[in-house]
Amino acid sequence: MTVSASRVWRQLPNEIRIAISQIFWAEAKGIEKQIVIASLAKAKNLREVFVRKSSMERLVNWTAATLALPDPIVDDLLKRYLLHEHRAVIVSFLDLLNIPHSNGMIEENFDYATLTNERVQAAARSLLASADRTGSELYLKYLVLQGEPWTGIEEVLPTGE
């Protein structure tokens, strides 16, 4: 089954979607918030002004409960959560591949063409065997969503999800 942002979002346990939503609403700025507010208003069939004036707790709960968020929003939510809660997983994976990075952020001059599918898959298998299995699976699914050179990771992800 193909990995998609909305599928990843729907499969997450509610408590993780709540944690992701809390991070987003605590850190997001102007336009980022406005885009999610507009999506929530549409999904909940509410006026944007009502959503905008809602409490942080209500925004968090609505975001977590909305399973049909647009893929770009889910992508941003996942990225924020992974950097906030699972940075060690990101760093481990990049180190396994000898990718130069600054605390999990890949250096701009890195040439992705140097990564072979075999190396990426071997690093993914190694990461899945780590202590943080949940964070590892989520990070690897996030990478698959980013396209090449990460798409081969989908072949080593656990099935049946």
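The values are calculated or read from the model by the stated rules, or taken from the named source; none is laboratory data. Computed from a predicted model, the values in this text were never measured in an experiment. Cβ: placed from backbone, ideal geometry, glycine included. Neighbour counts: every protein chain shown.
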Does segment 47-57 include one or more residues that are surrounded by fewer than 19 Cβ atoms within 10 Å (Cβ to Cβ) and among the aromatic types (Phe, Trp, Tyr)? yes
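Residue check: is Leu138 outside the structural domain of Ile20 (by TED's automatic domain parsing) and surrounded by 13 or more Cβ atoms within 10 Å (Cβ to Cβ)? Spell out how you get there, then give the answer.
Details: outside the structural domain of Ile20 (by TED's automatic domain parsing): yes; surrounded by 13 or more Cβ atoms within 10 Å (Cβ to Cβ): yes.
In short, yes.
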Tally time: how many residues in segment 116-146 are at pLDDT 90 or above and in a loop (DSSP other than H, G, I, E, B)? 3
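Keeping to segment 73-98, report how many residues are without any contact (Cβ under 8 Å) to a residue 60 or more places away in the chain, of a type outside the set (A, V, I, L, M) and either assigned to a helix (DSSP H, G or I) or over 16 Å from Glu137 (Cβ atoms) (or both). Break it down into steps so the answer makes sense when it comes.
Initial filter on segment 73-98 (without any contact (Cβ under 8 Å) to a residue 60 or more places away in the chain): 73, 76, 83, 86-98.
Now drop any that are not of a type outside the set (A, V, I, L, M), which leaves 76, 86-87, 92-93, 95, 98.
With either assigned to a helix (DSSP H, G or I) or over 16 Å from Glu137 (Cβ atoms) (or both) added as a condition, the list becomes 76, 87, 92-93, 95, 98.
Going through segment 73-98 one residue at a time, the tally reaches 6.
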Taking only segment 92-115 into account, find how many residues are hydroxyl-bearing (Ser, Thr, Tyr) and either surrounded by 12 or more Cβ atoms within 10 Å (Cβ to Cβ) or modelled with pLDDT of 95 or more (or both). 1
